[in-house]
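Quick notes on the structure that follows.
The values are calculated or read from the model by the stated rules, or taken from the named source; none is laboratory data. All values reported here derive from a predicted model rather than from experimental measurement. When we count neighbours, we look across all protein chains shown, and the Cβ atoms used for this are built from the backbone with ideal geometry, even at glycine. Surface accessibility is based on the protein's heavy atoms, side chains included, excluding ligands, DNA and RNA. Shrake-Rupley method; radii C 1.70, N 1.55, O 1.52, S 1.80 Å.
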Amino acid sequence: MDDTLYLQQGFTDEQRPAAAALYDAAFGAKLGVAIPDPKQRLSILAQGFQPKFCWVAMRGEALVGIAGYKNAQGSLTGGISWRLLQTELGYRGALRALAILALLDREHTPGELLLDGICVAANMRGQGVGSQLLQQLIQYAKREGYQRLRLDVINTNPDAKRLYQRMGFNVTATESFAYLRWLLGFSATTRMTYSHLNKAQKPKS
Ligand SMILES: CC(C)(COP(=O)(O)OP(=O)(O)OC[C@H]1O[C@@H](n2cnc3c(N)ncnc32)[C@H](O)[C@@H]1OP(=O)(O)O)[C@@H](O)C(=O)NCCC(=O)NCCS
């Protein structure tokens, strides 16, 4: 089997379950506060993903990395609607999930491309896949005329923060919500921005 690594924008409908499994393996603990049942979580992710809002790393047929993003048109997780949550979780479960997901949601501001979750399969980490995905997002942001690429990293993930710094991201703000640590498992996020993009182009909204 050809196991050459390559990157592509988006994924097919057939790849939705694999994308959901990969995303959940990385972020399930965080998302589990909102949607505790793993089966329901996988189903909601698979249905709610908007595949065109990401770059993925493929190794042969296997999806081994995802870098989701959010812009003015939408986001990778932007299809997780009230309707989908209610269908999967019922009224009370959906209400709870929506309230918690709202705490995790990040606002996009004009001119920026916002990272909406980057993850690599556990058995492929530390081999440069995450760096390649970030590099691809930087190129994409440049090509599309964005002014900034932004991400938020939680304070319990220093390894990821180091990786972003190495890729050229700078810390631009920190947000503390110590009162939510009991619920979310982290008490602060660091906002990091990559701003060495081509400023000559017409800015995106
Ligand atoms: C963060 C992540 C996407 C990096 O992808 P990757 O393919 O392992 O990254 P690379 O091989 O290009 O770079 C490795 C760097 O990432 C860091 N890293 C972060 N989390 C890591 C993990 N769980 N395993 C291995 N490396 C990790 C390493 O420390 C390494 O930096 P170092 O050489 O300074 O130690 C990946 O590790 C991952 O999916 N982690 C879980 C999800 C996550 O935390 N996402 C980020 C949310 S902000």
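Kindly indicate whether any position in the range 79-86 is under 14 Å from the mean Cα position of the chain (by Cα) and part of a loop (DSSP other than H, G, I, E, B).
Yes: the range 79-86 contains one or more residues that are under 14 Å from the mean Cα position of the chain (by Cα) and part of a loop (DSSP other than H, G, I, E, B).
Does any residue in the range 125-148 that is in contact (Cβ under 8 Å) with a residue 60 or more places away in the chain come within less than 8 Å, Cβ to Cβ, of a residue that is in a helix (DSSP H, G or I) and of a type outside the set (Ser, Thr, Tyr) six or more places away or on a different chain, and which pairs are these?
Within 8 Å, the pairs are Gly130/Leu163; Leu134/Leu163.
Applying the selection to the range 78-88, what residues are in contact with a helix residue (DSSP H, G or I) (Cβ under 6 Å, 6 or more places away or on another chain) and either among the charged types (D, E, K, R) or buried (at least 21 other Cβ atoms within 10 Å of the Cβ) (or both)?
Ile80, Leu85, Glu88
Return the only residue of Leu103, Leu134 being open to solvent by 60 Å² or more (accessible area, probe 1.4 Å) and assigned to a helix (DSSP H, G or I).
Step by step, each of Leu103, Leu134 is checked, and only Leu103 is open to solvent by 60 Å² or more (accessible area, probe 1.4 Å) and assigned to a helix (DSSP H, G or I).
Just a yes or no: is a residue in the range 19-34 aromatic (Phe, Trp, Tyr), in contact with an Asp or Glu (Cβ under 6 Å, 6 or more places away or on another chain), within 28 Å of Glu112 (Cα to Cα) and not in a loop (DSSP other than H, G, I, E, B)?
no
Going through Leu76, Leu84 one at a time, which residue ends up being at pLDDT 95 or above and within 17 Å of Arg150 (Cα to Cα)?
Answer to the check: Leu76.
Scan Gly126, Gly145 and give me the residue that is part of a loop (DSSP other than H, G, I, E, B) and more than 12 Å from the ligand (Cβ to nearest atom).
From the options Gly126, Gly145, the qualifying one is Gly145.
Whether any residue in the range 108-115 is without any contact (Cβ under 8 Å) to a residue 60 or more places away in the chain, near the ligand (Cβ under 8 Å from one of its atoms) and either in a strand (DSSP E or B) or open to solvent by 40 Å² or more (accessible area, probe 1.4 Å) (or both) is what I want to check.
Yes, the range 108-115 contains a residue that is without any contact (Cβ under 8 Å) to a residue 60 or more places away in the chain, near the ligand (Cβ under 8 Å from one of its atoms) and either in a strand (DSSP E or B) or open to solvent by 40 Å² or more (accessible area, probe 1.4 Å) (or both).
Answer with yes or no whether Arg150 is within 16 Å of the ligand (Cβ to nearest atom), out of contact with any helix residue (DSSP H, G or I) (no Cβ under 9 Å at 6 or more places or on another chain) and at pLDDT 95 or above.
yes
Is it the case, given these coordinates, that Gly65 is crowded, with 18+ Cβ neighbours inside 10 Å, part of a strand (DSSP E or B), at pLDDT below 95 and in contact with a helix residue (DSSP H, G or I) (Cβ under 8 Å, 6 or more places away or on another chain)?
The answer is no for Gly65.
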